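Since the structure comes first, as structure tokens, the remarks are kept for the end.
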Amino acid sequence: MRIFIGIKFPDCLEAILKIQEELRGLDPKANYTKKDNIHLTLAFLGELNDWQVARAKQILKGIEHPEFSAKIVRASKLRDMAVLEVAPEPLLLSLQSKVEECLRSAGFALDRRRFYPHITLSRKTKAQVSESFSIKSTVQEIVLFSSERNEKGLIYRPLYIKKLEAKNNRRGKENEGF
């Protein structure tokens with residue numbers, strides 16, 4: 001199965017969807033990201049077997065990192081995609097670097113492209129997109145996702161959720177429900 005690690009934005013999802021809806025008015029034929037699939041990718045692991053997925057989960061369990069505030073700063077176009085750019089704040093960059101470093105040291109082959117923090121709103125976008133924002137979100141967890149295609153399109157299913165360390169107690173907790 002196709003696996004990636006990402007961040008969801010539940011506390012500002014409605015604001016993201018409002019921006020996406022405005023874009024839909026400009027470019028109704030683009031392929032829009034479903035509400036439940038909106039995320040920021042920290043690392044794409046590709047096709048993994050069950051053992052590798054279990055290993056990735058173990059790696060995430062061991063990552064210690066504080067929760068932090070992320071800020072969506074701009075809507076723009078990246079190739080044929082409309083995206084929301086997320087400010088490359090130090091704690092976001094350190095989390096992404098830590099995730100990538102832990103996965104690489106465990107033998108996972110990851111893309112070598114430079115990390116560009118963004119949320120994809122749509123693909124096959126023809127409209128020109130350029131607008132500044134200041135939307136803040138508290139990042140409290142990272143998610144191990146599977147990407148599955150069915151008759152309804154792409155479904156991103158959470159396989160494991162790693163809670164980041166709360167600001168008040170600095171202790172991470174895992175959600176063992178997945």
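Could you list, in sequence order, the residues of segment 25-49 that are within 11 Å of Arg2 (Cα to Cα) and charged (D, E, K, R)?
Pass one, segment 25-49, residues within 11 Å of Arg2 (Cα to Cα): 44-49.
If the condition is that a residue be within 11 Å of Arg2 (Cα to Cα) and charged (D, E, K, R), then Glu47 is the only one that fits.
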Practice task
For Thr41, state whether it is among the β-branched types (Val, Ile, Thr), in contact with a Phe, Trp or Tyr (Cβ under 6 Å, 6 or more places away or on another chain) and surrounded by 13 or more Cβ atoms within 10 Å (Cβ to Cβ).
Solution key: yes
Exercise for the section: Return yes or no: is Glu64 more than 23 Å from Gly25 (Cβ to Cβ) and in a loop (DSSP other than H, G, I, E, B)? Expected result: yes
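Can you tell me which residue within segment 1-29, out of those that are small (Gly, Ala, Ser) and modelled with pLDDT of 95 or more, is farthest from Leu84 (Cα to Cα)?
Gly6
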Practice task
Would you check which residues across segment 24-38 are surrounded by fewer than 19 Cβ atoms within 10 Å (Cβ to Cβ) and either assigned to a helix (DSSP H, G or I) or polar (S, T, N, Q) (or both) and list them?
Solution key: Arg24, Gly25, Leu26, Asn31, Lys35, Asp36, Asn37
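Kindly evaluate Arg74 against the criterion of being over 17 Å from the mean Cα position of the chain (by Cα) and more than 15 Å from Ile7 (Cα to Cα).
Details: over 17 Å from the mean Cα position of the chain (by Cα): no; more than 15 Å from Ile7 (Cα to Cα): yes.
When the stated conditions are applied, Arg74 does not pass them.
The values are calculated or read from the model by the stated rules, or taken from the named source; none is laboratory data. These numbers were taken from a predicted model, which means no experiment stands behind them. No Cβ is skipped: glycine too gets one built from the backbone with ideal geometry, and neighbour counts run over all protein chains shown.
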